[in-house]
Every structure is written in structure tokens, then in C-alpha cells.
Amino acid sequence: LSTSAHLGAHPPRFVPCEPSELRGVLPVVESVALVAEVVAAGARHVQLRLKDLSEAEIGVAVAAAQAVCAQYGARLWVNDHWRAAVAHGAYGVHVGQEDLAAMGAPSVAALAASGLRLGVSTHSYAELATALGVRPSYISLGPIYATASKDVSKWGEQGLERIASWRRLVPAHVPLIAIGGISIERAPGVLAAGAEGIAVISAITKATDRAAAVREWQALWG
Ligand code: TZP
Ligand code: MG
């Protein structure tokens, strides 16, 4: 499907995120307990990535995660489960290309109309073109480096140069988030290449002191 066929005659437009809003770390976590841990430690944004749960369990988890984020003034992004995100008043939704295709144009338009933000993953120029077609709130690019957290082996490491070319291709008002294999030592290079924000799984969830890790990451942006 071409982008225009997929989206119909009237492409959606999601509520924008200012680049400054996403200058920070975006922990990606797989439980409500981890959401609570990272937002209590000062993360301003968190993505809840739930796998292998029933619809009912997902609803319960998203509601609980949203409640804890509201308590700390943090912003909850829900991976994939956009209906639960809308139902429980999350800040936004993060989807991959397959999710976007599976939603179809009417659901993408309904999500945009709901006022939730949308972030879209990209791994190639073709995916970037599709993602920009929905006028998302942010674009993510990965994997920047090799990662053990998700099987992204069909995409090579994007590296820092790809971040710089994405930053030239993505409109200036749309923040760029880098993900995949990014350690705190590698983060300064990722930011210098042009990413506004960095999404991480293992660098925070596998840290021995997660709260300290969140604070160290957040301090990169001053
Ligand atoms: N998408 C591209 S790489 C990745 C995802 C979800 C995993 C990132 O995890 P880590 O541990 O920060 O490499
Ligand atoms: Mg997905």
C-alpha cells in the first residue's frame, strides 16, 4: 500500500510534541511497578510496553500506570494498545509500522482526534516516509546500536550518521528519539548527532540502582 492509499485523502495530524518537551530520557518498561519506580525517580516520560496479557489485564495495567504518572506529573506513553491508552487518558501511544498498518486509516484518524500524541518507530527510509505520512508527534529511530532487548536483527545498526540524516529529513518541529543499545557512555554522541531524546530499556531496567540511573540519564540534559 502506498502511504496515500493507506491514509486516505485526509491525512491525520497528531497533537505535536515540542522538541524541548522530549529532551530527556524515555524509559521503556514492561510493568506498572517499573513505571512507578522510574517516575518516582524523576523520569518525565515513560513508555509502558506490555506483552502477552489479556485485554482486561492491559486495561487494568494502563489505568494503574496512568494513575501513578498523574501523581508524579509524568507522561505515559502506551506501546501498541491504543484503545486502552484512550480509555484511561494516557498522554500518548507508541506504535511500530505493523501496528499502524493494522490500525488502518479510520482508527489512526480516531486516535488523532482523541487528542493523544503518537510516536512512530522507524528502521529505514521507507518506514520514515510512512511514519511522516501520519504527521506524528515524534519519530523514533532504531536500533542505533546492537541490542539484546528486542529482535531487531533484520535492521542493521543505524549508527550516528543515520540519526543526523533523520534529523535533516524529519521536520524541525517533530522531535527525534533514538533507541537501541544506548548506554549512558554513548548518549552524548547520540545527542550530538541530533536526537532530542533517548529511549532505553536495559540501561535503566537492568541497572542495579534504577533510581540513580534515571537521575544520571536525566542529568545529561541539564
Ligand atoms: N526498538 C528498537 S531497539 C529496541 C526497541 C524496543 C530495544 C531497546 O532496548 P535497549 O535495552 O535500550 O537496547
Ligand atoms: Mg508495536
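No lab work stands behind these numbers, since they all come straight from the coordinates. Since the model is a prediction, treat every value here as computed from it, not as a measurement. So basically every Cβ, Gly included, is an ideal-geometry build from the backbone, and we count neighbours across all protein chains shown.
Side notes on the structure shown:
- Segment 112-185 - charge dipole about Cα centre, Lys and Arg +1 at Cβ, Asp and Glu -1, debye rounded to 20: 260 debye
- Just so you know, the Rg over Rh for segment 90-176 is 0.97, from Cα atoms, with Rh as the Kirkwood radius.
- Residue exposure proxy: Ser183, Ser149, Ser202, ordered by other Cβ atoms within 10 angstrom of their Cβ from fewest to most, comes out as Ser183, Ser202, Ser149.
- Computed log10 I(q)/I(0) for segment 8-125 at 0.19, 0.20, 0.23 Å⁻¹: -1.02, -1.12, -1.41, from the Debye equation with unit scatterers placed on every C-alpha and solvent omitted.
- Dipole of the chain, positive end: most advanced residue of Leu191, Gly142, Val29 [Cβ charges, Cα centre]: Leu191
- Taken as Cα centroids, segment 187-222 and segment 113-138 sit 23 Å apart, rounded to the nearest whole angstrom.
- Distant alpha-carbon pairs in the chain (separation over 25 angstrom), percent: 35 percent
- For segment 23-88, radius of gyration divided by Kirkwood radius, i.e. Rg to Rh on alpha-carbons: 0.93
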